[in-house]
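Some notes on the structure that comes next.
The values are calculated or read from the model by the stated rules, or taken from the named source; none is laboratory data. Remember, it's a predicted structure, so these values are computed and weren't measured experimentally. Don't worry about glycine lacking a Cβ; one is built from the backbone with ideal geometry, like all the others, and counts go over all protein chains shown. Heads up: the accessible areas ignore ligands, DNA and RNA and are worked out on the full protein's heavy atoms, side chains in. Shrake-Rupley method; radii C 1.70, N 1.55, O 1.52, S 1.80 Å.
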Amino acid sequence: IAERLQPAARVIDRITGRRMTFLTRRPFNFLLVAPCIALALAMPPLEFVPMSSTILASGVFVLALSLTAQDGLLGFVSLVVTTAAIVLAVTLIFLG
C-alpha cells in the first residue's frame, strides 16, 4: 500500500512547504480550524444535495493538510477559496 501511495505523497510534498508558519500556530491557527469545524457541521444537512458534501470535504482536506504540513500559505489560499465558496453558496440559496 505504501508503494502505491508514494506518487500521491510526492505530489503533496511538492505542493506543500513550511511557508507562513505563523498561521499554523496559536492563536492564528483558529482561522484555519474554525472553517474546518463549520464545513464539517454543514455536511450532514447537505447530504440531500448531490456532491455538496464532497465539495465541503475537499475544503476540510485542504485546510487540514495546511495545518498538518504547517503551510500557512496553502491555508490562506484555501481559506480564501473556502470563503468564496460559502459566499457563493449562500448567495445562490437566498437569490435562487
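Below is a table of values for the structure above.
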quantity	calculated
Cα→Cβ-extended label distance, 7 Å offset, between Leu31 and Arg19, nm	1.5 nm
Radius 11 Å from Cβ of Ala69, net charge of other residues (Lys, Arg +1; Asp, Glu -1)	0
Of Ile37, Ile15, Ile55, the one that fluctuates the most in a GNM where the chain has Cα springs shorter than 10 Å	Ile15
Cα gyration tensor, the stretch 1-40 - rounded (a/c under 1.5), prolate or oblate	oblate
Given charges at beta-carbon only (K, R positive; D, E negative), |dipole| of the chain in Debye	340 debye
Accessible area (Å², 1.4 Å probe, nearest 10) - Leu5	100 Å²
Dipole-positive endmost among Thr16, Ala2, Ala40 within the stretch 1-77 (Cβ charges, Cα centre)	Thr16
Under the Karplus curve 6.51 cos²θ - 1.76 cosθ + 1.60, θ = phi - 60°, whole-Hz ³J(HN,Hα) for the stretch 36-45, x wherever Gly or Pro sits	4, 5, 4, 5, 5, 6, 7, 5, x, x
Three-way shape call for the stretch 42-96 based on the alpha-carbon gyration tensor, with the a/c threshold at 1.5	oblate
Glu3 - accessible surface, heavy atoms, 1.4 Å probe, Å² rounded to 10	150 Å²
Distance between modelled label sites at Ser58 and Leu73, nm, 7 Å Cα→Cβ extension	2.2 nm
The stretch 1-85, relative contact order in percent, only Cα pairs under 8 angstrom and at least six apart counted	37 percent
Met20, Met43, Met51, ranked by accessible area, largest first (probe 1.4 Å)	Met51, Met20, Met43
The chain, helix-only ellipticity at 222 nm - DSSP H runs n ≥ 4, -39,500 (n - 2.57), divided by all residues, nearest 500	-23500 deg cm²/dmol
In the stretch 16-96, trypsin sites (Lys or Arg not before Pro) in a DSSP loop with at most 11 other beta-carbon atoms within 10 Å	Arg18, Arg25
Cβ-Cβ FRET estimate between Ala42 and Leu65, R0 fixed at 22 Å, reported to 0.05	0.70
Highest-MSF residue in the chain out of Gly72, Gly17, Gly59 [GNM, Cα springs under 10 Å]	Gly17
Carbon/sulfur fraction of accessible area - the chain, other protein chains in place, 1.4 Å, %	74 percent
